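See structure below.
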Amino acid sequence: MKNKQRIMAGLVKGMTGSALMMISDWLLGACGKDNVTNGVVQSNWAKAAAWRYEAAMLIASIAIFFLFAGMKEMIHLMKLSRNKRDPWSLRIVRAFELGATATIVSELFLHMKGCVLPILYRKLYATSLMESDMLTVVDDVFFYISIPFYIFSVLVVVCTSVPYIYQIIQGRLRVPKWFLLLNPLVFWLFGWVLRLFKVSVITDFTACMISFGFLMMAWGFLQHVIRTPEASRERAE
């Protein structure tokens, strides 16, 4: 493998970006004890400190540059690992490239949604509006952005995870088979399972499960690079 050190550095940057996104996700999604969900509204939004939303957007804005570096190397590795004899392999690589591109394009948008709705609810909460009216306004605002939100969410989670799993099953990535569990889709599903326990600390942590999945997927790619011989060794062998 050529440029091994550069690729590894890019993946470490991607892991750093994912870790920063986890912090941003937690700041936006952690609601604490006695929270009640009404549609998209969380009752504890009214109690949360305003600085959390400002910090979350600032951290996400910084993280996106690190995440871009990591995604670029992951796309490169997927292209290198594809089986040219397998007609599905090219489609899988293109699906991953679509998902990775959607991740870079949409991360700030998705975080903006997570920031704007709580701020809107807090502003309405400070008025004399009835609770039902406040919930209706916030739900209506979310309705207008819901289609791109759900489309990008599917692209980000599914179109990166499924190709990654496929390449591991096919043996194209030099990692143990259990590494196929280290991806955003599995971590997202695991997060829903954890929410069933209804423990606030655990529920708050599930807010950053997708970003945690990206961090672990980048680590999986890093392990693949570490286990791949240098270009000179490959030719010698």
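The values are calculated or read from the model by the stated rules, or taken from the named source; none is laboratory data. In this text, all values refer to a predicted model and were calculated from it rather than measured experimentally. Neighbour counts run over all protein chains shown; Cβ positions are idealised from the backbone, glycine included. Heavy atoms of the whole protein, side chains included, go into the accessibility calculation; ligands, DNA and RNA do not. Shrake-Rupley method; radii C 1.70, N 1.55, O 1.52, S 1.80 Å.
Taking residues in the stretch 100-126 that are among the aromatic types (Phe, Trp, Tyr), and partners anywhere that are assigned to a helix (DSSP H, G or I), the pairs with Cβ atoms closer than 6 Å and at least 6 places apart or on different chains are 121/45; 121/138; 125/46. If the condition is being open to solvent by 40 Å² or more (accessible area, probe 1.4 Å) and either touching a residue at least 24 places away in the same chain (Cβ under 8 Å) or under 13 Å from the mean Cα position of the chain (by Cα) (or both), then the stretch 156-184 contributes 158, 162, 166, 170, 172, 174. For the stretch 69-85, the count of residues that are touching a residue at least 12 places away in the same chain (Cβ under 8 Å), over 23 Å from residue 121 (Cβ atoms) and not in a helix (DSSP H, G or I) is at least one. Looking at the stretch 125-142 only, could you name the residues that are farther than 20 Å from residue 56 by Cβ, hydrophobic (A, V, I, L, M, F, W, C) and surrounded by 12 or more Cβ atoms within 10 Å (Cβ to Cβ)? Answer for the stretch 125-142, where residues must be farther than 20 Å from residue 56 by Cβ, hydrophobic (A, V, I, L, M, F, W, C) and surrounded by 12 or more Cβ atoms within 10 Å (Cβ to Cβ): 129, 134, 135, 137.
So that you can scan it fast, the table gives a plain yes or no per residue for (1) out of contact with any helix residue (DSSP H, G or I) (no Cβ under 8 Å at 6 or more places or on another chain); (2) at pLDDT 95 or above; (3) not aromatic (Phe, Trp, Tyr):
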position: 134; (1), (2), (3): no, no, yes
position: 139; (1), (2), (3): yes, no, yes
position: 143; (1), (2), (3): yes, no, no
position: 154; (1), (2), (3): yes, no, yes
position: 181; (1), (2), (3): yes, yes, yes
position: 188; (1), (2), (3): no, yes, no
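For the stretch 46-75, what are the residues that are buried (at least 20 other Cβ atoms within 10 Å of the Cβ) and among the aromatic types (Phe, Trp, Tyr)? Hits for the stretch 46-75 are 53, 66.
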